[in-house]
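What follows is a short report on a single structure.
Please treat every number below as a calculation from the coordinates, not as lab data. The structure displayed is predicted, hence computed values, not measured ones. Because the Cβ atoms are built from the backbone with ideal geometry, glycine has one as well, and the counts that use them run over all protein chains shown.
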Amino acid sequence: MYRTEIKKIGKDAKAFEAEKMMVLFGENAPAELADFCYIIDVNPVEKEITEDSMLTIDGTTYEITKVGSAVNKNLHDLGHITLRFNGSTEEEQSGTLYLEDAELVTVDVGSTITIE
């Protein structure tokens, strides 16, 4: 239902890894945010992302525990969401996709993210 590729990694993007977070944004990311983001291709979300979906980064799959109310629209329109690997089932931020409490895989330019 969704697939994208990491095109660029902002110089401070990995700073959020200690908090088990990744900020994704399309190539239109505002300059003041781009350094903190993983820049991705903006691709259509072909089917609504739900808690029954799974997110995969370079072959490592994560269970989705909560989908923020703005995730589908923001990902489709801007490529902008936050991935939070803390297992939360409560929406703290509307643009956040919450995933199982797990360690992040190493993400590089060319890494792929899929949601099925």
Please figure out what share of the DSSP beta bridges in the chain is antiparallel and state it in percent, rounded to the nearest 5. 80
For the chain, what is the relative contact order in percent, using Cα pairs closer than 8 Å and at least 6 residues apart in sequence? 33
Highest-MSF residue in the chain out of Ile39, Ile57, Ile81 [GNM, Cα springs under 10 Å]: Ile57
Can you return the lysines within cross-link range of Lys8? Criterion is Cα-Cα under 25 Å, with same-chain partners fewer than 8 residues away left out. Lys20, Lys73
Calculating Cα extents along the principal axes in Å from this structure picks out, from [x] 79, 35, 18; [y] 41, 26, 22; [z] 32, 29, 27, entry [z]
Hey, could you get me the Stokes-Einstein D for the stretch 1-62, Kirkwood radius over alpha-carbon pairs, 10 °C and 1.306 mPa s, rounded to whole µm² s⁻¹? 124
How far is it, in nm, from the label point at Glu63 to the one at Thr89 when both lie 7 Å from their Cα along the line to the Cβ? 1.0
Gain upon complete extension [Thr56, Ala102; 0.36 nm per residue less C-alpha separation]: 15.3 nm
Inter-site label distance for Asp77 and Lys14 at 7 Å from Cα along Cβ, in nm: 3.3
